[in-house]
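The values are calculated or read from the model by the stated rules, or taken from the named source; none is laboratory data. Keep in mind that this is a model prediction, so the values were computed, not measured. Ideal geometry is used to build each Cβ from the backbone, glycine not excepted, and the neighbour counts take in all protein chains shown. We work out accessible area using only protein heavy atoms, side chains counted, and drop any ligands, DNA or RNA first. Shrake-Rupley method; radii C 1.70, N 1.55, O 1.52, S 1.80 Å.
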Protein chains: 2
Amino acid sequence: MRRILLTPGPLTTREATRRAMLTDWGSREPDFIALTAELRARLLAVAHGDARHVAVPLQGSGTFVVEAAVATLIGPDAKLLVLINGAYGQRIAAIARRYGRKVETLAWAEDQAVDPQAVAEALAADPAVTHVAMIHVETTTGLLNSLTAVAQVVQAAGRRFIIDAMASFGALPIDLAATPIACVLASSNKGLEGTPGLGFALIERTLLEQAQAVSPSLSLDLHAQWRGFEANGQWRFTPPVQVVAALVEALRQLEAEGGPPARLARYQANFDVLFAGMSRLGFHLYLDPALQAPIIATFRLPGDRPFAFEPFYQALSDRGFIIYPGKLTREPSFRIGCIGAVDPDDMRRLMDVIGEVAPPPASAA
Amino acid sequence: MRRILLTPGPLTTREATRRAMLTDWGSREPDFIALTAELRARLLAVAHGDARHVAVPLQGSGTFVVEAAVATLIGPDAKLLVLINGAYGQRIAAIARRYGRKVETLAWAEDQAVDPQAVAEALAADPAVTHVAMIHVETTTGLLNSLTAVAQVVQAAGRRFIIDAMASFGALPIDLAATPIACVLASSNKGLEGTPGLGFALIERTLLEQAQAVSPSLSLDLHAQWRGFEANGQWRFTPPVQVVAALVEALRQLEAEGGPPARLARYQANFDVLFAGMSRLGFHLYLDPALQAPIIATFRLPGDRPFAFEPFYQALSDRGFIIYPGKLTREPSFRIGCIGAVDPDDMRRLMDVIGEVAPPPASAA
């Protein structure tokens, strides 16, 4: 049975991507150095980056590269404002506090988008803030924050903007040529549809140049990691060579698919089938649809029928669909992802399965 | 052409190990939780660990888990003595200094083993030292330090012993039941013959219990990582699921091969062919053979014939053998690994190839 992961990642990958992992590579051999160069160039190209930004991949999960960016860019003299409407915004603030950095937060409810006007006011009120961090798509709920509007506010205030684009990169528009962003953070195993094990930062070169020996961590130091690549094309420390190869293959496939616009169209079609089907089955989306990104959808547990997450999860799993538990702080929910190597036909099959497993009450059917 | 990596890792893996990466796994699904539990149990078993130690895998390269161990175990009140006879010992000291921890070093030349008597004297002279760190096999040269003798000295002085067993784990004897070791650190892609992307620590439970919120890093916090596994069997942050699956497969194969003793016998046989063959071809081992581990061998560049590393490397690579540059601080050298899914027949073929590519002068042939 083909298993389909409808999760925020690791997710369903193409077979060609996984097959790229069948080769052993020496991490310092010329062929692998060439693969690393292709990886860095393709990551930058996905976001229309030019020579002003550099791509710095890092071993580990997405959180590792988020931490590395905070550790490298937020020095003892800097102050970070974190815009929070979910668990991943909270995590950035926790990382900065743990390093003893100056950090301020501006928070919204989990079902509310970041408000650019409030950000402008907060920046006007606190001239000490040097950097602003925001989650592009909050995986906690699936909410889409306005990248362009907030970036413009941050630029107008003369501060630097750091975006956690973990869930959006590869699908939603991120245009470094048009939008003032100092640092974009994402990972191998979401919209790029690679396998997990790598994060990466696209960082303004001038900002990174100033960040020598700022990070208290040797491993999570994006300046040193970048200098390593620039020096000899090699990774400072052993890279996950198969994960690198899979991500390069996945990036080639992204280009072949038509780039982020084509990928977004597919994810949107997946979401449309999911949203229409779940509505028909009596499941309610947690977010206002106007705030919903076509990445991962949070549904409230239905009140009109006997329902518990664990047996629902297991019944779907038995039929080949892996979904995700909820992460809301205030009410029980579950999540279904729209990303990965899945298409609207997969989502239609899922709707049939959910209709069997958790049908609406007879009166409503 | 089958390519053979004779490097310190990433190295040559078995096809079954790489094929274990062809599956997509949801990181929070029960099957993957079971795989993680098997991973942790098998890692502990390789070192004869019992309930006194726990296995804590961590995303990233080996250096990431070394840093995590220093960050987690060496608090502001602790003092670390690092025993250094190569680049990896230096790296541990650099990590501790960067975190602002108290650190002392005791150093030997790169061709000299750590001297247990000198360690005993250093500990007697500095009662503030709480932990001692040593590299088991220094990949810089391939030198084997005496685990048992140094562990006993450290225990006798009432301090805690941390071993970087990156190059030795899975092959050389490491017996937590017999040897007093507080923490063993290693990675997926060396003697265990998995693919790169994971490190792990085997840590004394009582030591780890005391280490809550000690690490300045959120990602590199082995206490929190351990609590995550204990809470629900899941990884705190996205694991490299395919690398985990490959490592579990590799651990099953290690057991099938006969465990570390059988693996060591194969590596020793590889080394014996290499050493005898290279000697016959006029290449000289850098280390005294008595100090040499059968893991990776450092050879001096020959002075009796025209020789440069780059063309030598390329000629071997063209014939399917990937070797490794030297890392000595004081003289030019190159390295050839004996580890990974290679056997003495592979090493014999390598000897034939080196005999063709860099033959000894006619007078000596």
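Do you know which of the residues in region A:76-91 that are of a type in the set (Gly, Ala, Ser) and under 16 Å from the mean Cα position of the chain (by Cα) is farthest from the other protein chains (Cβ to nearest Cβ)? Reasoning before the result, please.
From region A:76-91, those of a type in the set (Gly, Ala, Ser) are A:78, A:86-87, A:89; that's our starting set.
Filter once more, so that each one left must be under 16 Å from the mean Cα position of the chain (by Cα): A:86-87, A:89.
Details: A:Gly86: 16, A:Ala87: 12, A:Gly89: 14 Å.
Out of the qualifying residues, it is A:Gly86.
For residues in region A:19-30 being at pLDDT 95 or above and farther than 14 Å from A:Pro240 by Cβ, which is farthest from the other protein chains (Cβ to nearest Cβ)?
A:Arg19
Which members of region A:148-161 meet the condition of being open to solvent by less than 10 Å² (accessible area, probe 1.4 Å) and not aromatic (Phe, Trp, Tyr)?
A:Val150, A:Ala151, A:Val154 - these are the residues of region A:148-161 that are open to solvent by less than 10 Å² (accessible area, probe 1.4 Å) and not aromatic (Phe, Trp, Tyr).
Is there a residue in region B:345-355 that is under 17 Å from B:Ala276 (Cβ atoms), touching a residue at least 60 places away in the same chain (Cβ under 8 Å) and charged (D, E, K, R)? Quick ask: steps written out before the conclusion?
Of all residues in region B:345-355, those under 17 Å from B:Ala276 (Cβ atoms) come to B:345-355.
Then drop every residue that is not touching a residue at least 60 places away in the same chain (Cβ under 8 Å), which leaves B:346-348, B:350-351, B:354-355.
With the extra rule that they be charged (D, E, K, R), the set shrinks to B:346, B:348.
Yes - at least one qualifying residue is present in region B:345-355.
So which residues in region B:297-325 are surrounded by 15 or more Cβ atoms within 10 Å (Cβ to Cβ) and among the aliphatic types (A, V, I, L, M)?
B:Ala297, B:Leu301, B:Ala315, B:Leu316, B:Ile322, B:Ile323
So if I check each of B:Leu123, B:Leu106, B:Leu73, which one is away from every other protein chain (no Cβ under 14 Å) and within 20 Å of the chain's Cα centre (by Cα)?
B:Leu73
May I ask you to list the residues in region B:35-59 that are open to solvent by 10 Å² or more (accessible area, probe 1.4 Å), in contact (Cβ under 8 Å) with a residue 12 or more places away in the chain and of a type in the set (A, V, I, L, M)?
Hits for region B:35-59 are B:Leu35, B:Ala37, B:Ala41, B:Leu44, B:Val46, B:Ala51.
Name the residue that is most open to solvent (accessible area, probe 1.4 Å), counting only residues in region A:326-365 that are over 20 Å from the mean Cα position of the chain (by Cα) and of a type in the set (D, E, K, R).
The residue in question is A:Arg330.
For A:Thr12, which of the numbered conditions (1) farther than 14 Å from A:Gly194 by Cα; (2) open to solvent by less than 10 Å² (accessible area, probe 1.4 Å); (3) of a type outside the set (A, V, I, L, M) fails to hold?
Just one mismatch for A:Thr12, condition (1).
Out of region B:4-36, which residues are of a type outside the set (Gly, Ala, Ser), farther than 17 Å from B:Lys190 by Cα and assigned to a loop (DSSP other than H, G, I, E, B)?
Going residue by residue through region B:4-36, those that are of a type outside the set (Gly, Ala, Ser) are B:4-8, B:10-15, B:17-19, B:21-25, B:28-33, B:35-36.
Filter once more, keeping what is farther than 17 Å from B:Lys190 by Cα: B:19, B:21-25, B:28-33, B:35-36.
B:Thr23, B:Asp24, B:Trp25, B:Arg28, B:Glu29, listed by residue number.
Here is a check on your reading of the model: is A:Pro76 open to solvent by 10 Å² or more (accessible area, probe 1.4 Å), free of Cβ contacts under 8 Å to residues at least 60 places away in the same chain and touching a Lys or Arg at 6+ places or on another chain (Cβ under 8 Å)?
Taking the combined requirement at face value, the residue satisfies it.
Which pairs do you get when a residue that is in a strand (DSSP E or B), found in region A:131-152, comes within reach of a residue that is among the acidic types (Asp, Glu), reach meaning Cβ atoms under 8 angstrom, with the pair 6+ apart or on two chains?
A:Ala133/A:Asp164; A:Met134/A:Asp164; A:Ile135/A:Asp164; A:Glu138/A:Glu110; A:Leu143/A:Glu110; A:Leu143/A:Asp111
Are any of the residues in region A:161-168 in a strand (DSSP E or B), in contact with a Leu (Cβ under 9 Å, 6 or more places away or on another chain), within 14 Å of another protein chain (Cβ to nearest Cβ) and under 17 Å from A:Thr63 (Cβ atoms)?
Yes - at least one qualifying residue is present in region A:161-168.
Consider A:Phe283 carefully, then state whether it is over 30 Å from B:Leu22 (Cα atoms), in a loop (DSSP other than H, G, I, E, B), at pLDDT 95 or above and away from chain B (no Cβ under 14 Å).
So A:Phe283 fits the description; yes.
Which condition does B:Val114 not pass, out of (1) without any contact (Cβ under 8 Å) to a residue 60 or more places away in the chain; (2) at the interface with chain A (Cβ under 9 Å from one of its Cβ atoms); (3) assigned to a loop (DSSP other than H, G, I, E, B), if it passes all the others?
(2)
Is region B:211-231 home to any residue that is surrounded by fewer than 24 Cβ atoms within 10 Å (Cβ to Cβ) and within 30 Å of B:Glu110 (Cβ to Cβ)?
no
Condition first: aliphatic (A, V, I, L, M) and farther than 19 Å from B:Gly9 by Cα. Now tell me which residues in region B:314-365 satisfy that.
If the condition is that a residue be aliphatic (A, V, I, L, M) and farther than 19 Å from B:Gly9 by Cα, then B:Ala315, B:Met351, B:Val353, B:Ile354, B:Val357, B:Ala358, B:Ala362, B:Ala364, B:Ala365 are the ones that fit.
Test of understanding: among A:Val273, A:Val184, A:Val214, which residue is in contact (Cβ under 8 Å) with a residue 60 or more places away in the chain and part of a loop (DSSP other than H, G, I, E, B)?
A:Val214
Rundown of residues vs (1) open to solvent by 40 Å² or more (accessible area, probe 1.4 Å); (2) under 20 Å from A:Ile295 (Cα atoms), yes/no style:
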| position | (1), (2) |
| --- | --- |
| A:Ala87 | no, yes |
| A:Lys102 | yes, no |
| A:Ala124 | yes, no |
| A:Pro127 | yes, no |
| A:Ala167 | no, yes |
| A:Asp175 | yes, yes |
| A:Ala182 | no, no |
| A:Leu192 | no, yes |
| A:Pro196 | no, yes |
